[in-house]
1. So what's Rg/Rh here for segment 260-315, counting alpha carbon atoms and using the Kirkwood radius for Rh?
2. Quick one: which of Lys128/Lys369; Lys63/Lys263; Lys263/Lys352; Lys67/Lys202 span more than 27 angstrom between C-alpha atoms?
3. Between beta-carbons, use under 12 Å as the cut-off and find the net charge around Met368, counting Lys and Arg +1, Asp and Glu -1.
4. Checking the cross-link filter: which lysines have an alpha carbon closer than 17 Å to that of Lys350, excluding same-chain neighbours under 8 positions apart?
5. Which net charge results when you count Lys and Arg as +1 and Asp and Glu as -1 among the other residues whose beta-carbon is under 13 Å from that of Gly334?
6. With θ set to phi - 60°, apply the Karplus curve 6.51 cos²θ - 1.76 cosθ + 1.60 along segment 55-65 and write out the HN-Hα couplings as whole Hz, x wherever there is a Gly or Pro.
Amino acid sequence: MQKLNNELTEVYLTLYLRKFAITLAGVFIPIYLHTIGYNLNEVLFAVAIMYAAKAFLAPVALKVSEKIGVKHTIVFNVPALLLFFYFLYLLPDHPHYFGYLVAPFIAMSNVMFWIPTNGIFARFSHKKKTGKETSYLILTSRLSGVLAPLVGGIILTELSFNYLFAIVGGILTLSLVPLFLSRDYSCKRKDVGMKIVREHTKYYFAYFVQGILAATTFLVIPFLTLFLLKSYLSVGSVSTLLLVGSFFVIFVVGKLTDKFEGKHLIKLGGAVLSVSFLILAYAKSPLVVYSASFLVGIGIIMAFLPIFAISSIIAKKYNETEFMMLREIFIAAGSTFMVLLLVPFPDVVKIKVGLLVAALASTYFVLMK
């Protein structure tokens, strides 16, 4: 039992450091591209390439996990992400197409981290306490990132993107240390592939919807905040509120998930998300943006935490890493769909359309059986 707890502790520590580093700069990346001359459609195409690359590169993470071990696969996420931030640093001095070429680096980093990390969690989590342990996983992520967008906004206001990228690089390197606290294990493939999807279609469609909402919180809400409030610090503040909103419900949702399997929580979370995105679509004042963003943070936990906990239990029946690879593909597909959907619309209506689509997509959780 102690060994299992140690495995999860390593996941929590690694995630804490990595999430802080990513959140420090991640929320500002689309805005950074816009700042150095990319128009909104060019930003959308760059982000769409990133999401699409995640779907195509996900099987690579599974293959590497099979060959060298799950934990050693996670190590590869750091150099890929450092290269991404280095190329972002060089981006102002290169043609616009250069941004499209570096997008796959962050995609590679993402799949090399999340697929094996989620596989480890599914393998070593306890069946009767998965909701509680998932709450710890999410709380770790939220605690590390709650001040990061605000700190990132201050760094950008007082210094520059270059300083921000350098700080991120140092923290990412440090995040590898916990991985070497225990032995690794190999991911042995069973090649069941689409059989898993067919047997659990409703959950994989939920991952697709999760991807739609992930793109909304990563791309649409920051631009809404920037256009309405006109400052980097405001963007960081709203992103912080998205995280703070989740603190109030994480433990409660985790415990209720273990007790009731989380079915009613998923429905309620979907309703909160749908209403919150609808409010944001017509928001005109800072107070409305801050309040609705706070509610989005709550709704995300109420819907996503039980789904992930249930998924981790289901994954134990299969190759956990393969199950999580397929999950990542569907999330990436949903995000790609969302971003490309916005491209044809005029810039003045992209944000409203994105929020309305997110509101509609969230109703799937309400209807989910």
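1. Radius of gyration relative to Kirkwood radius: 1.12.
2. Exceeds cut-off: Lys63/Lys263; Lys263/Lys352; Lys67/Lys202.
3. Numbers: positive: Lys202, Lys263, Lys267, Lys369; negative: none.
Neighbourhood net charge equals +4.
4. Lys284
5. On the way: positive: Lys54, Arg327; negative: Glu328.
Overall, the nearby charge balance is +1.
6. 5, 6, 8, 3, x, 5, 4, 5, 5, 5, 4
Readers should treat all values here as calculations from the given coordinates under stated rules, not as data from a laboratory. Source: prediction; values computed, not measured. We place every Cβ from the backbone using ideal geometry, glycine too, and count neighbours over all the protein chains shown.
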